[in-house]
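The values are calculated or read from the model by the stated rules, or taken from the named source; none is laboratory data. Keep in mind that this is a model prediction, so the values were computed, not measured. All Cβ positions, glycine included, derive from the backbone under ideal geometry; neighbour counts span all protein chains shown. Heads up: the accessible areas ignore ligands, DNA and RNA and are worked out on the full protein's heavy atoms, side chains in. Shrake-Rupley method; radii C 1.70, N 1.55, O 1.52, S 1.80 Å.
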Amino acid sequence: MPSKDNNNGGRGLPLVPEAVLKKRHDMDEMKAHRAAQALSNPRGNRKVFSSKTKMTKVIKPEKFVSRGRSRRNHEIRYDRVLKKGMQKRASTKQETKAREVPVVADTSEDKTTALALSEQTKTVQVTANSVGTSTVVFAVRIRDGAGMSRKVRRALGHLRLRNPHEGVFVRYNDSNAKMLHLVEPFVAYGIPSKSLVNDLVRQRGHGKVDGKRVPLTDNTIIEKAMGDDTGMICVEDLVHEIYTVGDDFGKAASFLWPFRLTAPRSKFQKEKLNQKDGKREEYGDKGEEIEDYVRLML
């Protein structure tokens, strides 16, 4: 039989290296320190800002000047459009434009032919504006409130577009078209397809129940809120009422909380690559092209 080690006093207890003991001691000390921090800071390891440690944000005077100039220009534009309309900046007739789309292969074709067709494109005609073609448009706000005048902010409030990247369905009549023209540099709008309406309601749909934002996870929510007044009991009824602009379109649009969409550009693209939202080719009446733009934000 092996002899007992004399270093542990002949008791047969396992020896622990000194490095392991030091590591255990450091871990116990760290746990005790974190527990003390958790008691003093219930928010976890977030930094607690107080009046003494609060960081000071410096805004350059040039930014105040540029925002003031932008606010004045938007107010001048608002008054001009309110008095004279869009004039030549918006067409009063239906416009179409050519657009290249990828060719969709037939399911009966073989893989080689389908791959070859997928690399090809074809030219189709799409509606470039919403005039005379639709009675409903989907409007989404694409810019924040920097340099925005009070009149524009009030008009966006009437459209329920109070925050950036929020979207609503709007009945496209003369009064709402004038309202969209007044805030055009801050919104993009166009003709939604039925598939887009369906995807918006199913993926980002929330209802207004007792003044609260409730996700539409069950048809019973729609039935309880709108079944007695309008007869809509499911998501399909809600989508049909929105797309066809039925008699209860106003109640259906008011029941839907403004859709909260994601930003089409990340923070890295905005700050590092200087890719800003609300460029000239993005805002305004986009016609049927609004579908591709909104699907980037779903």
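Student exercise: in the stretch 174-298, how many lysine pairs 8 or more apart or on different chains have Cα atoms under 29 Å apart?
26
I want to check the label-to-label distance for Thr135 and Lys270. Put each point 7 Å from Cα in the C-beta direction and report it in nm to one decimal.
3.8
Percent of accessible area on the stretch 173-298 owned by carbon and sulfur, 1.4 Å probe?
45
Label Arg162 and Cys234 with points 7 Å out from Cα along Cα→Cβ: what is the distance between them in nm?
3.4
Could you name the aspartates and glutamates in cross-link range of Lys84, using Cα to Cα under 18 Å and dropping any fewer than eight places away on the same chain?
Leaving aside aspartates and glutamates fewer than 8 places away in the same chain, those within reach of Lys84 are Glu75, Asp174, Glu184.
For Asp247 and Leu296, compute 0.36 nm times the residue count separating them, minus their Cα-Cα distance, and round to one decimal in nm.
Full extension of this stretch gives 14.5 nm more.
If R₀ is 41 angstrom, what is the calculated FRET efficiency for the pair Ile59 and Asp79, using the beta carbon separation as r and rounding to 0.05?
According to the calculation, E is roughly 0.90.
Treat each spin label as a single point 7 Å out from the Cα along the C-beta direction, and report the His33 to Ala146 distance in nm.
3.9
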